[in-house]
Amino acid sequence: MSLQNKKVLLIDDEEDILRILKTVLTKEGIDTIYTSTTAKDGFAQFQQKQPDLVLLDIMLPDGEGYDVCKQIRSISKVPILFLSAKGEEIDKILGLAIGGDDYITKPFSPKEVAYRVKAQLRRADYMQVDDKNHPLKAGPFELYEQRAELKKNGKTIELKPKELGLMAHLLKNPNQIISKESLCDHVWGEEFIGFDNTIMVHIRRLREKIEEQPSNPQYLITVKGLGYKLVVEDK
């Protein structure tokens, strides 16, 4: 596995830790390393840079790494490794339960972190190969999550991150009513309160891309009072 084309994002408010990790990962052959010291900027950089792996501190000055993890998981399956001074078992369980792939307690061995990073990147490569061979399929749609690529009858449709998250959740549950609460939880990683208009806007934009007549949808329909359903023929 070549590490030269891999991109890693480090999110930690301790500059010394960022410097140490960047040094050791560079020595291991990872050329592209981005750094951030806040939750808000960290997620913004994730969206802009699209790294292959994230090293994420839990205690950040403007929020918790747990929330950043939820945001990332709503749009991506890239490996997330938590770095934290919180070493209690419950903290580790929570970190893994919300989508983390590994949990490393501070203080840590930089060399060990590097080995864990390489192991997760190797695992992600295997998963990506499998993903290419096993897209989410329903009706005329094929979604390759790792590549963020949707096809309808073989034609590629470009989706933005939230649209991708919505389509993935719907394709995993074809012909089933999906509540707005469920969409909010899986795509935004947030409670539904206050997200009604946001969801409707993204549903409308998604319809504009997948429907022949967005105002009279064939596939992505509204079930009044209950949520949405992706209607497709069973194969």
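For Gly194, the stated conditions do not hold, so it cannot be described as assigned by TED's automatic domain parsing to the domain that holds Leu226, within 17 Å of Ser74 (Cα to Cα) and at pLDDT below 90. Which of the residues spanning segment 209-225 are assigned to a loop (DSSP other than H, G, I, E, B) and over 26 Å from the mean Cα position of the chain (by Cα)? Residues satisfying the conditions are Glu212, Gln213, Pro214, Ser215, Asn216, Pro217, Gln218, Lys224, Gly225. Pairs under 6 Å by beta carbon, first residue without any contact (Cβ under 8 Å) to a residue 24 or more places away in the chain in segment 203-222, partner among the β-branched types (Val, Ile, Thr), six or more apart or different chains? These pairs meet every condition: Ile221/Val231.
For Leu21, indicate whether it is farther than 28 Å from Lys162 by Cβ, in contact (Cβ under 8 Å) with a residue 60 or more places away in the chain and in contact with a helix residue (DSSP H, G or I) (Cβ under 8 Å, 6 or more places away or on another chain). Answer is yes for this residue.
Within segment 4-22, if we keep just the residues that are surrounded by 19 or more Cβ atoms within 10 Å (Cβ to Cβ) and among the hydrophobic types (A, V, I, L, M, F, W, C), the residue that is farthest from the chain's Cα centre (by Cα) turns out to be Ile17. For segment 36-46, the criterion of being in the same structural domain as Tyr115 (by TED's automatic domain parsing) and in a strand (DSSP E or B) is met by at least one residue. Assess whether Glu233 counts as being more than 22 Å from Asp67 (Cβ to Cβ) and outside any strand (DSSP E or B). In short, yes. With respect to (1) in a helix (DSSP H, G or I); (2) over 18 Å from Ile104 (Cβ atoms); (3) in contact (Cβ under 8 Å) with a residue 12 or more places away in the chain, the lone exception for Cys69 is condition (2).
Select from segment 72-100 the residues that are of a type in the set (A, V, I, L, M, F, W, C) and either at pLDDT below 85 or outside any helix (DSSP H, G or I) (or both) and list them in ascending order. Those that are of a type in the set (A, V, I, L, M, F, W, C) and either at pLDDT below 85 or outside any helix (DSSP H, G or I) (or both): Ile75, Val78, Ile80, Leu81, Phe82, Leu83, Ala85, Ile98.
Contact annotation: residue pairs with Cβ atoms under 8 Å, 6 or more positions apart or on different chains, pairing a residue in segment 171-193 that is at positive phi with a partner that is modelled with pLDDT under 80, are Asn175/Asp234.
Taking the residues in segment 23-37 that are in contact with a strand residue (DSSP E or B) (Cβ under 7 Å, 6 or more places away or on another chain) and surrounded by fewer than 17 Cβ atoms within 10 Å (Cβ to Cβ) as candidates, determine which candidate is nearest to Gly99 (Cα to Cα). If we take residues in segment 23-37 being in contact with a strand residue (DSSP E or B) (Cβ under 7 Å, 6 or more places away or on another chain) and surrounded by fewer than 17 Cβ atoms within 10 Å (Cβ to Cβ), then Thr32 is nearest to Gly99 (Cα to Cα).
The values are calculated or read from the model by the stated rules, or taken from the named source; none is laboratory data. Everything numeric here is computed off the predicted structure, so don't read it as measured data. Cβ atoms come from the backbone with ideal geometry, glycine included; neighbour counts cover every protein chain shown.
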